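Here is the structure we will look at.
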Amino acid sequence: METLLAGAGGCTAYDVVLILRRGRHQVQGCSVKLSAERAETDPKVFTAIHMHFTVRGRGIPAAAVERAIALSHEKYCSATVMLGKTAAVSTSFEVLEA
C-alpha cells in the first residue's frame, strides 16, 4: 500500500514539473509529501490522501503551480485518478524561490 501511495506521488510530481516546464517556468525541483488514511475493515482501501507539493524555481507563479497540480490530479495521473475512486484526495503546495 505504501508503494502504491508513493507511485501516485511520483506520478503527480512528474506531471507537475512537466506541465510547468511546458509553460516555460524555470522549475528546479519538486517534492511531494503524502499522508493517507485507510478504512478500518478489509480490504482497508485508502479513504483520504493528502499531497503537499514543494516546488522550487525562479519566478513561478502560485497560480501556475495550482493549475499544474489540478491538471495532474484530474486528467493526467492515472494512479491518482484511480485512487480517487475510493479516497478523497486533497492537495496543498508551497513555492520556494531558488
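The values are calculated or read from the model by the stated rules, or taken from the named source; none is laboratory data. Quick caveat: nothing in here was measured; it's all calculated off a predicted structure. Because the Cβ atoms are built from the backbone with ideal geometry, glycine has one as well, and the counts that use them run over all protein chains shown.
Note on the range 44-77: residues that are modelled with pLDDT of 95 or more and either assigned to a strand (DSSP E or B) or loosely packed, with under 14 Cβ neighbours inside 10 Å (or both) total 20. Residue 56 fulfils the conditions (1) under 22 Å from residue 75 (Cα atoms); (2) touching a Leu at 6+ places or on another chain (Cβ under 6 Å) except for a single criterion, (1).
Of all residues in the range 26-43, which are loosely packed, with under 12 Cβ neighbours inside 10 Å, of a type outside the set (Asp, Glu) and more than 17 Å from residue 11 (Cα to Cα)? Within the range 26-43, 41, 43 meet the criteria. Scanning the range 85-98 for residues that are in contact (Cβ under 8 Å) with a residue 12 or more places away in the chain and within 18 Å of residue 36 (Cα to Cα) turns up 86, 87, 88, 89, 90, 91, 92, 93. Take residue 93 and decide whether it is surrounded by 15 or more Cβ atoms within 10 Å (Cβ to Cβ) and either out of contact with any Phe, Trp or Tyr (no Cβ under 9 Å at 6 or more places or on another chain) or of a type in the set (S, T, N, Q) (or both). For residue 93, the condition - surrounded by 15 or more Cβ atoms within 10 Å (Cβ to Cβ) and either out of contact with any Phe, Trp or Tyr (no Cβ under 9 Å at 6 or more places or on another chain) or of a type in the set (S, T, N, Q) (or both) - is not met.
Could you tell me whether any residue of the range 42-52 is under 15 Å from residue 1 (Cα atoms), charged (D, E, K, R) and out of contact with any strand residue (DSSP E or B) (no Cβ under 9 Å at 6 or more places or on another chain)? Yes, there is a match, as at least one residue in the range 42-52 is under 15 Å from residue 1 (Cα atoms), charged (D, E, K, R) and out of contact with any strand residue (DSSP E or B) (no Cβ under 9 Å at 6 or more places or on another chain).
Looking only at the range 2-23, decide whether some residue is under 17 Å from residue 96 (Cα atoms), surrounded by 15 or more Cβ atoms within 10 Å (Cβ to Cβ) and not hydrophobic (A, V, I, L, M, F, W, C). No: zero hits.
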